[in-house]
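Step one of this worksheet: look at the structure below.
The values are calculated or read from the model by the stated rules, or taken from the named source; none is laboratory data. Keep in mind that what you see is a predicted model, and the values were worked out from it rather than measured. Positions of Cβ are backbone-derived with ideal geometry, glycine not excepted, and every protein chain shown enters the neighbour counts. Accessible surface is based on the protein model in full, side chains and every heavy atom, while ligands, DNA and RNA are left aside. Shrake-Rupley method; radii C 1.70, N 1.55, O 1.52, S 1.80 Å.
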Amino acid sequence: MVTKDMFGEPSDPPASAADRVAALRDELHKHAHSYYVLDEPTVPDAEYDRLFQELQALEAQHPELASPDSPTRRVGGKPLSQFASVRHAVPMLSIRTETDTEASGAQNFDTRVRKELGLAESEPPVEYVAELKFDGLAINLRYEDGVLVQAATRGDGEVGEDVTQNIRTIRQIPLRIAAPTLIASRTSLPPGGAELARGGPSRRSPSDISVPPVLEVRGEVYMRRDDFESLNEKQREKIAQGAKGEKTFVNPRNAAAGAVRQLDPAIAARRPLSFFAYGLGEVTPKEQGGPDFESHFQMLLTLKSWGFPVAALTQTAQGASELIAFHQKIGKERDQLPYDIDGVVYKVNSLALQKKLGFVTREPRWAVAHKYPAQEQMTTVLAIDVQVGRTGKLTPVAKLAPVFVGGVTVTNATLHNEDEARRKDVRIGDTVVVRRAGDVIPEVVSVLAEKRVRDAPQFTMPHTCPVCGSDAVREEGEADYRCTGGLFCGAQRKEAILHYAHRRAVEIEGLGDKLVEQLVDANVIRTLPDLYRLGLTALAGLDRMADKSANNLLEALERSKSTTLPRFLFGLGIRHVGEATAKELARHFGKLDAVMDATEEQLLEVSDVGPIVAKSIRTFFDQPHNREVVEQLRACGVHWTEGEPAARAPRPLSGKTFVITGTLPTLSRDQAKDMVEAAGGKVAGSVSKKTDYVVAGTEAGSKLTKAQELGVAVIDEAALLVMLAAPAA
Ligand code: IVH
């Protein structure tokens with residue numbers, strides 16, 4: 001509304017409004033550039049939308065402040081200069097957004113449509129198509145004579161970027177439109193509207209419609225949540241291993257946009273992308289033999305029959321009430337969907353009515369987007385805690401000022417691990433963007449560095465377990481710190497007991513998941529020795545514990561006291577010590593005390609034990625709490641027959657130094673290294689006169705040359721395997 005003075009004349013806008021408009025435009029331009037051009041969003045969408053709507057409202061109130069370069073006049077951002085520009089034959093429009101409460105979003109739309117069409121209240125409901133609003137990026141696919149000739153981003157709606165190479169890597173997108181597959185035709189509407197999954201209504205079977213010479217299909221390129229999670233997991237591993245220039249992605253949309261706008265199509269091809277079709281661009285007109293669709297839904301069914309993915313949840317809906325029902329239904333299912341959506345889209349189904357309704361500026365009157373609560377929001381970090389998981393993994397977690405995101409109130413968000421926390425540089429007091437989508441744990445995706453108010457110190461990972469105080473260690477090449485107090489740590493109690501009681505470990509029959517849960521939660525058991533202090537009275541107090549089962553458990557506990565050293569060692573749950581290693585340790589050392597007191601060097605003499613395993617065993621027994629638990633178990637009567645240490649057989653590669661280079665035919669370099677070390681050999685990183693053998697695979701480079709220069713013996717994998725199998729010289 002235009003402000004009017006007391007005489008009804010428009011007045012000058014207050015200076016503050018003009019200032020605010022200028023500031024908003026400036027800020028929105030910056031965010032849009034970061035988002036569309038740099039693929040590095042600076043604020044969550046919801047925040048951008050708020051600013052955008054504030055600007056829209058101010059411009060509506062003060063038309064005299066209108067300006068052709070306002071972000072409200074644009075659909076998106078500028079294309080990157082590296083890609084060729086594509087002028088869209090038909091502009092790629094945006095849709096009006098309803099962010100109102102559930103019912104009114106659909107209701108307002110229906111009311112506007114009916115009014116524009118001049119429909120009286122007594123007339124039947126308007127038929128709509130209800131779709132999902134996919135959170136990816138819009139793409140125009142151009143087919144000529146059924147062949148994909150060009151794919152372009154939306155860009156600013158008029159001009160986009162030619163990303164054909166990258167789009168071709170998406171398997172879901174047909175490169176050539178196949179012969180139409182048959183879809184059963186339907187002549188009447190099933191009750192409650194037609195779903196695409198069921199085939200839906202159509203007067204003419206879509207399979208009758210042939211592919212026109214020019215066909216532009218529009219839709220959304222997106223990344224599934226599981227694909228996104230595994231992509232980021234891979235990225236985190238690469239970062240942990242020291243890869244330079246790698247980063248994790250903020251959200252699936254960002255990852256998808258980055259892949260589509262990746263200049264190297266080979267990289268794009270490795271990013272798992274998906275596609276849904278939802279509309280058309282330029283199409284051969286019906287006068288020239290093009291298709292004569294009557295409805296949007298019929299068009300979608302036809303696209304489906306031509307091999308384009310169309311979301312199965314798409315359906316027709318009669319009037320506002322069915323749109324509201326759709327909004328509610330999808331709202332409930334949203335978390336379980338395999339991909340992100342930020343709302344639903346309603347479209348008038350009849351193409352004749354769409355034409356009649358037309359457009360307002362850049363938005364069709366026949367479509368609207370009805371949003372859901374945003375999956376990303378801003379909040380502040382109150383503290384950074386470190387949580388310990390059941391298996392001893394330490395995870396830094398940001399404690400947040402409560403924020404409503406993705407439909408729930410979130411107060412904790414994961415920072416994943418030390419590298420991630422460092423890379424994002426999250427600090428107490430920071431304003432951060434939090435994402436919660438689906439059943440995935442909420443995470444801090446980025447920090448708004450410019451909003452940092454005080455200079456809080458950088459986060460550092462503790463080197464002791466916050467739950468039990470044992471050493472926390474991070475092994476080489478691993479992303480996580482782990483608590484080494486497995487037997488004592490409160491966080492790992494349940495896991496430790498279950499592992500100890502396992503059939504292949506000390507074996508306590510009948511002590512399963514549920515019972516351990518109960519015993520620990522009721523505080524009846526804190527550490528392993530407590531198991532042997534259990535009595536009938538304590539057990540009888542538990543839910544669903546009959547006398548008989550209590551007696552059975554006590555008997556099983558009694559039986560478990562008589563065990564073997566390998567079982568006991570395995571049962572301790574030392575990281576990297578599996579059944580086979582436990583057996584080797586027992587065979588080599590004969591006695592438990594000898595294992596507990598062995599140095600890393602001595603442990604390395606055990607076949608099967610490499611440096612990582614040796615270190616892990618040493619660290620475990622260096623924790624006083626772990627030793628105490630072992631002593632108590634022995635005091636409770638757990639026993640086995642101890643043996644004599646095995647005669648120290650010299651190992652085949654003792655005293656020899658190896659360098660491994662190139663790609664070996666069957667072993668990875670790490671595997672070869674572990675095998676050489678387990679056989680008593682050393683593995684060095686570079687070739688010198690001290691090197692005894694260079695094991696060379698394909699594409700061995702400078703190390704091989706160096707070996708030849710120095711006259712060092714060069715062998716292949718097969719020769720190495722022979723040496724490993726040979727008895728020691
Ligand atoms: S229709 C003229 N349908 O939302 C109508 N758009 O502002 C043009 N989007 O960037 C769009 N799902 O990428 C339409 N089912 C859907 C959609 C959808 C997601 C995106 C689209 C565009 C934005 C519309």
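Scanning the stretch 410-456 for residues being touching a Gly at 6+ places or on another chain (Cβ under 6 Å) and open to solvent by less than 20 Å² (accessible area, probe 1.4 Å) gives a total of 2. Of all residues in the stretch 54-65, those that are open to solvent by 60 Å² or more (accessible area, probe 1.4 Å) have Cβ atoms under 7 Å from Cβ atoms of residues that are assigned to a helix (DSSP H, G or I), 6 or more apart or on another chain, in 54/24; 56/72. Meeting the requirement of 1 or more residues that are in contact (Cβ under 8 Å) with a residue 12 or more places away in the chain and of a type in the set (Lys, Arg), the helices (runs of 4 or more DSSP H) wholly within the stretch 586-656 are 611-622, 624-635. Just one of the listed residues (501, 496, 505) is within 31 Å of the chain's Cα centre (by Cα) and crowded, with 19+ Cβ neighbours inside 10 Å, namely 496.
For residue 165, the conditions (1) open to solvent by 60 Å² or more (accessible area, probe 1.4 Å); (2) in contact with a helix residue (DSSP H, G or I) (Cβ under 7 Å, 6 or more places away or on another chain); (3) in a loop (DSSP other than H, G, I, E, B) are fulfilled apart from (3). Kindly check whether there is at least one residue in the stretch 497-506 that is under 18 Å from residue 631 (Cβ atoms) and without any contact (Cβ under 8 Å) to a residue 40 or more places away in the chain. Looking for residues that are under 18 Å from residue 631 (Cβ atoms) and without any contact (Cβ under 8 Å) to a residue 40 or more places away in the chain, one finds at least one in the stretch 497-506, hence yes.
Cβ-Cβ contacts under 6 Å between residues 6 or more apart (or on different chains), taken from a first residue in the stretch 450-474 that is under 21 Å from residue 428 (Cα atoms) to a second residue that is among the aromatic types (Phe, Trp, Tyr) and modelled with pLDDT of 95 or more, are listed as 461/481.
For the stretch 344-358, the criterion of being among the charged types (D, E, K, R), more than 13 Å from the ligand (Cβ to nearest atom) and in a loop (DSSP other than H, G, I, E, B) is met by no residue. Scanning the stretch 676-699 finds no residues that are in contact (Cβ under 8 Å) with a residue 60 or more places away in the chain, open to solvent by 60 Å² or more (accessible area, probe 1.4 Å) and under 30 Å from residue 567 (Cβ atoms).
Scanning the stretch 547-566 for residues that are modelled with pLDDT of 95 or more and either within 38 Å of the chain's Cα centre (by Cα) or hydroxyl-bearing (Ser, Thr, Tyr) (or both) returns 560, 562, 563, 564.
Restricted to the stretch 483-517, and to residues there that are in contact with a strand residue (DSSP E or B) (Cβ under 6 Å, 6 or more places away or on another chain) and not polar (S, T, N, Q), the residue that is modelled with the highest pLDDT is 483.
Among the candidates 237, 287, 229, the residue that is more than 30 Å from residue 42 (Cα to Cα), among the acidic types (Asp, Glu) and away from the ligand (no atom under 16 Å from the Cβ) is uniquely 287. Annotation for the stretch 319-329: no member residue is away from the ligand (no atom under 16 Å from the Cβ), part of a loop (DSSP other than H, G, I, E, B) and at pLDDT below 95.
Residues in the stretch 122-150 that are over 24 Å from residue 312 (Cα atoms) and either among the charged types (D, E, K, R) or within 16 Å of the ligand (Cβ to nearest atom) (or both): 123, 144, 145. Here residue 254 passes the criteria (1) surrounded by fewer than 17 Cβ atoms within 10 Å (Cβ to Cβ); (2) assigned to a helix (DSSP H, G or I) except the one numbered (1). Looking only at the stretch 705-723, residues that are farther than 15 Å from residue 657 by Cβ and open to solvent by less than 40 Å² (accessible area, probe 1.4 Å) come to 2 in all.
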